[in-house]
Amino acid sequence: MYDQSQISFIMQKKSEKIIELKRSKDDLLRKLYLSSIAFAIPFLWIVRYHQRYFPSFEDSGKLFPHITYPDVIALIASIATAVLMYYYTRQHGKVKVKYDALRHDIMDNIGTVICICHDQCNCREEYIKHLVDNGIDLVIR
Ligand SMILES: [Zn+2]
């Protein structure tokens, strides 16, 4: 059983922080995935009806004589979701950099004394298990 009270303060804080970063990273990836789906729908509409988006220079009345109201909605929706995808990609990238830096830091420190026990103990094993159970990979850099 993972007993956090036996783990050194700094390693406790690091494990709390990396679990928080992992959740944030996964959440952003989920939002990125959902915004990609939300982008695909209006984008496919635009591809399907692309000919209606072309301007006409023959007709003096209207520049876009064939465009319909749903076409305009699809265009706005695709731009809005593309902006969201860009935003989530950047945020995910930033969190991933922090997450990997902390993960490597923990990997570098895992070999040192990480607990306050004076007897033989299995704190290190439990600490690693605790992080692995939270989806944090401490094996592959
Ligand atoms: Zn210990």
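The values are calculated or read from the model by the stated rules, or taken from the named source; none is laboratory data. On a predicted model such as this, the values are computed, not experimentally measured, just so you know. FYI the Cβ positions are ideal-geometry reconstructions off the backbone, even for glycines, and counts take in every protein chain you see.
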If only one of 22, 17, 31 is touching a Phe, Trp or Tyr at 6+ places or on another chain (Cβ under 6 Å), under 30 Å from residue 129 (Cα atoms) and modelled with pLDDT of 95 or more, which one is it? 31
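Can we say residue 52 is part of a helix (DSSP H, G or I), surrounded by 13 or more Cβ atoms within 10 Å (Cβ to Cβ), touching an Asp or Glu at 6+ places or on another chain (Cβ under 6 Å) and not hydroxyl-bearing (Ser, Thr, Tyr)?
Numbers: part of a helix (DSSP H, G or I): yes; surrounded by 13 or more Cβ atoms within 10 Å (Cβ to Cβ): yes; touching an Asp or Glu at 6+ places or on another chain (Cβ under 6 Å): yes; not hydroxyl-bearing (Ser, Thr, Tyr): yes.
So residue 52 fits the description; yes.
Confirm whether residue 72 is within 29 Å of the chain's Cα centre (by Cα) and part of a helix (DSSP H, G or I).
no
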Restricted to the range 88-141 and to residues being basic (Lys, Arg) and more than 16 Å from the ligand (Cβ to nearest atom), the residue surrounded by the fewest Cβ atoms within 10 Å (Cβ to Cβ) is 141
Take the range 85-139 and flag every residue that is closer than 16 Å to residue 25 by Cβ and assigned to a loop (DSSP other than H, G, I, E, B). 134, 135, 136, 137, 138
So, in the range 15-55, how many residues would count as being away from the ligand (no atom under 16 Å from the Cβ) and touching a residue at least 60 places away in the same chain (Cβ under 8 Å)? 11
